[in-house]
Structure formats: structure tokens, C-alpha cells
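First comes the structure, then the notes that go with it.
Values in this text are rule-based calculations from the coordinates and carry no lab data. Quantities reported herein were computed from a predicted structural model and do not represent experimental measurements. When we count neighbours, we look across all protein chains shown, and the Cβ atoms used for this are built from the backbone with ideal geometry, even at glycine.
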Amino acid sequence: MRYRIKKAKSGFTVTVEDADGKVVATKSAADMKAAVKARNELFAKTRDT
Amino acid sequence: MGAPVRYPFGVTNVDSTDPLGMFGMLDPTKWHVFFDDFDTFTAGDWTITTTEAGGGSASEALTDVDGGALLVTNDAADDDADFFQKVGESFLLASGKRAFFKTRFKVSDATQSDVVIGLQVTDTTPLDVTDGIYFLKADGAATFDVICRKNATTGSTSASAVGSLVSDTFITLAWAYDGKGSLKYFVDDVHKGTLDASSAYLPDTELTVSFGIQNGEAVAKTMTVDYIFAAKER
């Protein structure tokens, strides 16, 4: 899995990608702090370990 | 270069009554061993935490280095990062079981970067995990620390500035847990000191091979990993 924060036109996009690179979950965030929080939440829900 | 010592009937590390007692090679099941020379790389084998605030993309790919190496390149904003943790936490350190970690790597900027490498619990904040035994270099200095941490809030011990990175120069880091409460750490194969790895500090949860780099300024930084070795006695 890859937990990615990427700059968007406005704010940031947080994605979770599976082993094949397919996006399996997405969230938007207004700033980096919110993006990190969103990533942590997605990690807690989807972690594969 | 001398000639090999020859044992045509084999060599063993087990008793004659052992199932592999007459196996002509060492019993590999006595140790759990991870070794990646980065002759190959499959992204799906790793949990990857990536930050790309620079508008570009991070990348990770095999690169042309003798011995095989993985080149990790960040996006270009400050604090952009790429962290790798092998899927499956497969190392549970335990009293009575020796364990070892050794790696060789380099980074493009020894000062303007955060770097981590070692065994850690899987987390999206590898620079500040709750459990692990790892080397950590903070942004703004070339020196790095070694940390032995069990549940961050209750047991963490470390040694500061145990060595220094040099930009674009390979370094070898290692640690060895003796199974009896001591953790020796090494820089370029030289013993630099020993940490208390008693039950107060020894991680008590499964860990995994972890490494990565975070930019210390708004310039894309790179990390080149030659190899990672981790082993624990069964």
C-alpha cells in the first residue's frame, strides 16, 4: 500500500493505493496538517500489516 | 587471494540426531533472515508513505550501482518525503534471541534532510514511531542518533551524534542485540557504543525493515540504498 499526499489545484489530495497502484481510497484536505490527519485516518482503516 | 577451505562432506550447525543432521549445509531455519541487495525491487512489497507537496512526484527505482541499489528521489517541496516499510512486521525481538541489522546507503544532502533506517513498527510517521530500533538523522545536522524504543511514552533510550553522514558518500550502519539486554551499534563496521536494551526499552511488538528520507529544504533529496540485512535467532 502507498499512502500519498499530493498537492492539488486547491489544497491536497490524500490517496491510498494498493500493490498494483490502484487508488482504493481518497480524501481531500485544505492544508498539509489536515492532509496528514487524513492520511493517518486512512492508514488506520486500511493498513495491511 | 587464498584458496577456499574445503569440506567435501559438508558443514553443519545441528546435532547428528537433528532432522537436518546429515544435511551437508548449515541449517538455515535456525535464523530468520531478511536480506535485500536491491538487484530487484517491487513497490508492492512495501508500505510506502509519500508526501508530494512540490507539485511533482517522488520516485523509487533500481539504479546502476555495482551490487545493486534502490534510488529514492523526493518531490521538491520542503518536508516532502518517501518512506518504505516492508509489508508484514516479521521481527519480534525477544530476550534470549540475538538479532542483527546492517545497511549501506547514502543520501544526496547530509545536512538538509531527515533520514531514518532500521526496524520499526509500521506507521505513517517513521521519523517518530512508537517502537523500533533504528538510526535517525534530523534536518539541519549531519550527525545521527541511534534509538531503541518500546512504546514511545514509556521506554525509549538513545545515543546522540554517534556518527555523521557525508553528502553522496556511502556509509554502513549496524546494530547487534545480544539477547541479554545490550545493543551494540556500529558505524562503518566500528563499534561506537552500547545501548541498554533491557525489557524496559526492547520493543515488544513486531517490527519491519524501514527506511526513508524527508527533504530539509525545498529541494528534491535522494537516498540510495545498497543493501539491508536483518536477522534474528529462532
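Things to note:
- Estimated FRET transfer efficiency when R0 is 45 angstrom, pair A:LYS22-B:LYS192 (beta carbons, to 0.05): 0.55
- Linear extension gain, B:PHE9 paired with B:ASP204, 0.36 nm per residue minus alpha-carbon span: 66.0 nm
- Globularity index of the range B:1-106, i.e. its alpha-carbon radius of gyration over 2.2 N^0.38 Å: 1.58
- Neighbours of B:THR50 by Cβ distance under 11 Å: Lys/Arg scored +1, Asp/Glu scored -1, total -2.
- Per-peptide packing, taken as the mean over residues of other Cβ atoms within 10 Å, places B:156-163, B:27-34, B:128-135, B:181-188 in the sequence B:128-135, B:181-188, B:156-163, B:27-34 from highest down.
- Alpha-carbon centroid distance for the pair the range B:110-125 / the range B:154-193, whole angstrom: 14
- The range B:166-216: C-alpha gyration tensor shape, a/c 1.5 cut-off, then a/b vs b/c: oblate
- Above-threshold pairs, the threshold being 32 Å between Cα atoms, out of B:LYS106/B:LYS150; A:LYS7/A:LYS45; A:LYS37/B:LYS137; A:LYS27/B:LYS102; A:LYS22/B:LYS150: A:LYS27/B:LYS102; A:LYS22/B:LYS150
- Global geometry of the range B:115-188, whether rounded, prolate or oblate, following the gyration tensor of its Cα atoms and the 1.5 cut on a/c: oblate
- Across all directions, the average flat footprint of the convex hull enclosing the Cα atoms of the protein assembly as shown is 17.3 nm².
- Cα gyration tensor, chain A - rounded (a/c under 1.5), prolate or oblate: oblate
- For peptide B:43-56, the mean count of partner chain Cβ atoms within 10 Å of a residue's Cβ comes to 5.
- Each Cα pair under 8 Å and six or more residues apart adds its sequence gap; the mean of these over the residue count of the range B:90-147 is a relative contact order of 28 percent.
- Based on C-alpha pairs under 8 angstrom that are at least 6 apart in sequence, the range B:38-161 has a relative contact order of 16 percent.
- Stretchable slack from B:ASP66 to B:ASP37, in nm (0.36 nm times residue separation minus alpha-carbon distance): 9.4 nm
- Spread of Cα-to-Cα distances over 10 Å intervals beginning at zero, given as percent, for chain B: 8, 30, 34, 18, 7, 2, 0
- Length-normalised contact order of chain B in % [C-alpha pairs under 8 Å, at least 6 apart]: 28
- Environment charge at B:ASP139 (Cβ cut-off 11 Å; Lys +1, Arg +1, Asp -1, Glu -1): -3
- Other residues whose C-beta falls under 13 angstrom from the C-beta of B:ASP15 contribute a net charge of -1, scoring Lys and Arg +1 and Asp and Glu -1.
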